[in-house]
1. Given the criteria over 18 Å from the mean Cα position of the chain (by Cα) and basic (Lys, Arg), does ARG55 qualify?
2. May I ask you to list the residues in the stretch 53-98 that are touching an Asp or Glu at 6+ places or on another chain (Cβ under 8 Å), of a type outside the set (Phe, Trp, Tyr) and in contact (Cβ under 8 Å) with a residue 60 or more places away in the chain?
3. Do we have any residue at all in the stretch 180-202 that's of a type in the set (Val, Ile, Thr), farther than 17 Å from THR112 by Cα, surrounded by 19 or more Cβ atoms within 10 Å (Cβ to Cβ) and more than 16 Å from the chain's Cα centre (by Cα)?
4. So how many residues does the stretch 74-94 have that are within 16 Å of the ligand (Cβ to nearest atom), buried (at least 17 other Cβ atoms within 10 Å of the Cβ) and either among the hydroxyl-bearing types (Ser, Thr, Tyr) or part of a loop (DSSP other than H, G, I, E, B) (or both)?
5. Could you grab me the full set of residues in the stretch 217-261 that are acidic (Asp, Glu) and more than 18 Å from CYS182 (Cβ to Cβ)?
6. All but one of (1) within 11 Å of the ligand (Cβ to nearest atom); (2) outside any helix (DSSP H, G or I); (3) modelled with pLDDT under 95; (4) among the β-branched types (Val, Ile, Thr) hold for VAL202; state the number of the condition that does not hold.
7. I'd like to check something: does the stretch 121-144 contain any residue that is of a type in the set (Ser, Thr, Tyr), within 13 Å of the ligand (Cβ to nearest atom) and assigned to a helix (DSSP H, G or I)?
8. Mind checking which residues of the stretch 13-45 are within 11 Å of the ligand (Cβ to nearest atom), under 16 Å from THR139 (Cα atoms) and over 12 Å from the mean Cα position of the chain (by Cα)?
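The values are calculated or read from the model by the stated rules, or taken from the named source; none is laboratory data. None of these values were measured; they are calculated from a predicted model. Here the Cβ positions follow ideal geometry from the backbone for every residue, glycine too, while neighbour counts run over all protein chains shown.
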Amino acid sequence: MFDFKDHAVLVTGAGAGIGLGIAQAFHGAGARVALGDLREPGLARAAEKLGRSERVFTHSVDVRDGKSVDAFVQAAERAIGPLTVAVANAGVYPNSPVLDMTVDEWDRVMETNLRGVFLTCQAVGRRMVAQGTPGKLITISSGAYNSGRKGAAHYCASKAGVVMFTKVLAMELGQHRINVNCIAPGLVTVDRNLNEVSDEYVKTLVATIPWGRPGSPEDIARAALFLASPFAEFITGEVLSVDGGSGTGRTYLPYSGTTRR
Ligand SMILES: NC(=O)c1ccc[n+]([C@@H]2O[C@H](COP(=O)([O-])OP(=O)(O)OC[C@H]3O[C@@H](n4cnc5c(N)ncnc54)[C@H](O)[C@@H]3O)[C@@H](O)[C@H]2O)c1
């Protein structure tokens with residue numbers, strides 16, 4: 001459906017989960033893809049999954065570190081050409097009530113989820129502007145940007161920050177014909193979920209999804225393809241929720257009328 005044959009796409013956090021799904025989708029649509037991740041084994045597995053094609057480049061990166069991000073972006077351009085799309089996806093989701101939270105944990109979440117998005121978009125945005133080419137920057141937030149959950153104050157704050165960062169960057173880069181948009185996924189089934197989120201949490205959350213199931217990395221990837229496509233040319237600074245309707249409101253409430261339906 002989408003053709004990205006002439007595109008060079010960079011994805012952070014692409015060694016697993018949603019980032020890998022996004023990289024796979026762009027690769028499947030013909031793009032050259034650069035996958036960056038903190039964990040080398042994840043990158044090796046990802047390259048295997050993409051069939052070790054010559055259109056795939058992998059590089060370790062720590063999105064918290066500007067030098068590391070610059071090195072990844074430069075290496076990616078050498079390998080797959082000037083970037084036309086970047087997806088700032090890398091993120092972490094630890095849990096801790098505020099009163100027990102350490103400063104280190106707060107910093108790790110903000111540095112990965114918010115500073116990482118800033119550094120990735122800044123590095124790629126600078127290249128796009130210098131080359132004078134239009135481009136697409138996509139950030140990954142979460143339904144947590146406007147729906148709080150206990151144990152995730154740092155995560156929710158970081159994801160709300162991603163949304164406002166996206167909007168301001170879109171204002172600044174419109175003149176360069178660079179679209180900047182954000183995807184806010186709802187619950188998405190990835191390997192990590194199985195370890196870090198309790199069964200009770202997942203069961204309760206799934207019960208509030210009108211679509212009746214959690215999302216998959218492919219659901220999020222399809223939204224990324226759309227936002228990076230010419231169909232989204234006049235869309236910028238937007239947040240696209242991809243959540244099966246779970247962000248629509250208080251879905252756990254019963255029908256509000258007096259007559260049973
Ligand atoms: N899975 C969900 O339910 C869900 C819901 C909403 C939003 N999100 C967001 O989607 C994004 C991807 O999440 P996921 O569920 O695929 O997680 P995941 O843990 O499966 O994958 C995240 C990847 O990011 C990498 N990473 C972590 N820190 C990094 C760093 N400093 N530098 C580079 N790479 C780093 C990890 O190694 C991992 O491969 C995150 O931003 C997350 O907050 C996920």
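1. On the way: over 18 Å from the mean Cα position of the chain (by Cα): yes; basic (Lys, Arg): yes.
Here the answer is yes, as ARG55 does meet what is asked.
2. Selection gives LEU83, THR84, ALA90, PRO94, ASN95.
3. no
4. So the answer is 5.
5. Quick first cut of the stretch 217-261, residues acidic (Asp, Glu) only: 218-219, 233, 238, 243.
Correct list: GLU218 only.
6. Here VAL202 meets the rest and fails (2).
7. Quick first cut of the stretch 121-144, residues of a type in the set (Ser, Thr, Tyr) only: 133, 139, 141-142.
Restricting the remaining residues to those that are within 13 Å of the ligand (Cβ to nearest atom) gives 139, 141-142.
Then keep just the ones that are assigned to a helix (DSSP H, G or I); that gives none.
Looking for residues that are of a type in the set (Ser, Thr, Tyr), within 13 Å of the ligand (Cβ to nearest atom) and assigned to a helix (DSSP H, G or I), one finds none in the stretch 121-144, hence no.
8. LEU35, GLY36, ASP37
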